[in-house]
Structures are given as C-alpha cells and as structure tokens.
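Participant: What follows is a structure written as structure tokens; I'll ask about it next.
The values are calculated or read from the model by the stated rules, or taken from the named source; none is laboratory data. This one's a predicted model, so the numbers in the text were calculated from it and none came from an experiment. Virtual Cβ from ideal backbone geometry, glycine too; neighbours counted across all protein chains shown.
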Amino acid sequence: MDSDLRRRMLSYYDERASEYDEAYTLGTGTASIRNPKVFKAEARVLAGVVAQIAHGRMMDLACGTAYWLPDYGPNCSSITLFDQSARMLAEARAKANRLGIADRCVFLQGDFFEHEFNEKAYDTVLVGFFLSHLTEAQEPLVFDALRSMLGSFGRFVILESAWSAERAKVNAKVERQTRRLNDGTTFEIYKRYCDRNDIARWRREHDVKLRIDHFGTAFCAVSGTFKSGS
C-alpha cells in the first residue's frame, strides 16, 4: 500500500471518529452486508471474546475509539491505547473518563510503522480491525511487534472482518473501497478480508498457536500465543 493511500486512510479515520462506533451499535458505516443486525449481533459476540481473554497489562493496538474498552477494562491493571489518529484517541479518552478508568490508561499517538514498542510490557494485546488495512507483505511487522510486546505467557486477540458468502455478494476479498460518512463525504480505503486460509497461514508463517474463537458472516476473532513463549 502506497504512502498516499495511507495518508488518505488516516484522514478518513480522523473524520469518522465521532461516528465510528455506529458500525457496532447501529450496524452502519461500512461498505458491505446490508443487514445491520448481523454487525450488531456479532459485535456482541466479539465483546464476549475480548472480555474472556483480556487481563493484566493490556495494549489496545490501533485502538480507534476504544470501543471494546468497557469489555476488557475491568480485567486489566493497566491499559495502553495506541492509535495514529488524534481524534480517535480523543474519543477513546472520553470513553475511559466515562467509565472512570482513565487513571489506568495511557494514550499514545503514533505511526505503527515508526513506533518502538516496549518489550515484554504486556500480558494481552488486542489488534482490532488493523490487519485488514495492511497488505499481506506487511503482516509480519504486526506479528513481530506482538512477539516483542508480550511477556512469556502473553496472549493476543485479533478481531477482523470475515470473508464470507454474504461479503462476496458485495465486495472483493481484497479491494479499494469507497467509504461514506454520515454527511456524505467519501474516502477511499484499502481493505483485505480474512478467511480461514489466512488464519492457517498465520499459524505456518509466524510460529503461533491460534484458536478461532468466532468466525461469522461479518467478523472473526482469533486468539493466540507464540510457541516459543509457551
């Protein structure tokens, strides 16, 4: 993915920050699957997965508005929320304040490709809907960062957009999409949906043990550990 498209995607997420959560609460705001009930129902499933796994020292990587914070927040002693978008982080901070847990949160703005993450600093890392905006060639950078950040018994959770028969009616598995904000403004983003073959490839290429916690029409959730750290 070229740098110009990355800049345009950052602009999109900056502008979408105030309405981003509607993808989960209303089932709107994305380019595929017209039935909003699918997004709303599967978002509740993902919330349960995150609540079950997250604990201890937590990193929410590419956190966006920290939509899942109410689910993992009670289980975590400290929480680092990392995102490139200042407006997304502002929404995340507001959510932490409403939940009364801002004193346990650190908010970091940065570019994933340039940031140096603290080694073995976390027990859980959540990667929510980030890999789908990266090319397959960029995936190893994420798994390398996870391996570095997690302690010996640390666990990661990947939430992603699932490739399904319903998706295929509207989208290509890998494509540039037009996204429209509530005010009608349009942006172009890069999107790559996740299927079970992708998950199998992660196992082979990144020395990880993986468990598919959910694979649905709209979303999937995969948790794992690194074999050398088990």
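Participant: If we keep just the residues of the stretch 46-64 that are among the aliphatic types (A, V, I, L, M) and part of a strand (DSSP E or B), which is farthest from Ser161 (Cα to Cα)?
Facilitator: Here is the first cut: in the stretch 46-64, the residues among the aliphatic types (A, V, I, L, M) are 46-47, 49-51, 53-54, 58-59, 61-62.
Next, from what is left, pick out any that are part of a strand (DSSP E or B): 58-59, 61.
Values: Met58: 22, Met59: 20, Leu61: 16 Å.
Selected residue: Met58.
Participant: Between a residue in the stretch 196-207 that is over 17 Å from Ala165 (Cα atoms) and any residue that is among the basic types (Lys, Arg) and part of a helix (DSSP H, G or I), which pairs come within a Cβ distance under 6 Å, given they are 6 or more apart or on different chains?
Facilitator: Asp207/Lys227
Participant: Kindly provide the set of residues from the stretch 173-220 that are among the β-branched types (Val, Ile, Thr), in a strand (DSSP E or B) and under 16 Å from the mean Cα position of the chain (by Cα), ordered by number.
Facilitator: Correct list: Ile189, Ile212.
Participant: A follow-up question, please. Here is a list: Thr65, Thr30. Which entry is hydroxyl-bearing (Ser, Thr, Tyr), at pLDDT 95 or above and farther than 12 Å from Leu126 by Cβ?
Facilitator: Among Thr65, Thr30, only Thr65 is hydroxyl-bearing (Ser, Thr, Tyr), at pLDDT 95 or above and farther than 12 Å from Leu126 by Cβ.
Participant: Then there's this: Checking the conditions here, which among Ala200, Ala218, Ala145, Ala172 is in contact with a helix residue (DSSP H, G or I) (Cβ under 9 Å, 6 or more places away or on another chain) and among the small types (Gly, Ala, Ser)?
Facilitator: Ala218
Participant: Take Phe143 and decide whether it is surrounded by fewer than 19 Cβ atoms within 10 Å (Cβ to Cβ) and aromatic (Phe, Trp, Tyr).
Facilitator: When the stated conditions are applied, Phe143 does not pass them.
Participant: Pairs only if they're at least six apart or on different chains, beta carbon under 6 angstrom, first in the stretch 151-168 and more than 15 Å from Gly48 (Cα to Cα), second assigned to a loop (DSSP other than H, G, I, E, B) and β-branched (Val, Ile, Thr); list them, first residue then second.
Facilitator: Partner pairs satisfying both residue conditions: Ser164/Thr217; Glu166/Ile33; Glu166/Thr217.
Participant: Kindly indicate whether any position in the stretch 153-161 is hydroxyl-bearing (Ser, Thr, Tyr), within 26 Å of His115 (Cα to Cα) and surrounded by fewer than 13 Cβ atoms within 10 Å (Cβ to Cβ). Steps first, answer last, please.
Facilitator: Taking the stretch 153-161 and keeping what is hydroxyl-bearing (Ser, Thr, Tyr), we get 161.
Then drop every residue that is not within 26 Å of His115 (Cα to Cα), which leaves 161.
From the residues that got through so far, the ones that are surrounded by fewer than 13 Cβ atoms within 10 Å (Cβ to Cβ) too are none.
So far as the stretch 153-161 goes, no, none of its residues is hydroxyl-bearing (Ser, Thr, Tyr), within 26 Å of His115 (Cα to Cα) and surrounded by fewer than 13 Cβ atoms within 10 Å (Cβ to Cβ).
Participant: Let me ask something additional. Inside the stretch 114-133, can you point out the residues that are under 21 Å from Tyr13 (Cβ atoms) and exposed (fewer than 12 other Cβ atoms within 10 Å of the Cβ)?
Facilitator: Of everything in the stretch 114-133, just one residue is under 21 Å from Tyr13 (Cβ atoms) and exposed (fewer than 12 other Cβ atoms within 10 Å of the Cβ), namely Glu114.
Participant: Could you list all residues from the stretch 13-45 that are of a type in the set (A, V, I, L, M, F, W, C), surrounded by fewer than 17 Cβ atoms within 10 Å (Cβ to Cβ) and not in a helix (DSSP H, G or I)?
Facilitator: Matches in the stretch 13-45: Leu26, Ala31.
Participant: Taking Phe107 as the residue in question, decide whether it is crowded, with 16+ Cβ neighbours inside 10 Å and within 19 Å of Asp21 (Cα to Cα). Give the steps one after another, and end with the answer.
Facilitator: On the way: crowded, with 16+ Cβ neighbours inside 10 Å: yes; within 19 Å of Asp21 (Cα to Cα): yes.
Considered against the rule, which asks whether it is crowded, with 16+ Cβ neighbours inside 10 Å and within 19 Å of Asp21 (Cα to Cα), Phe107 comes out as yes.
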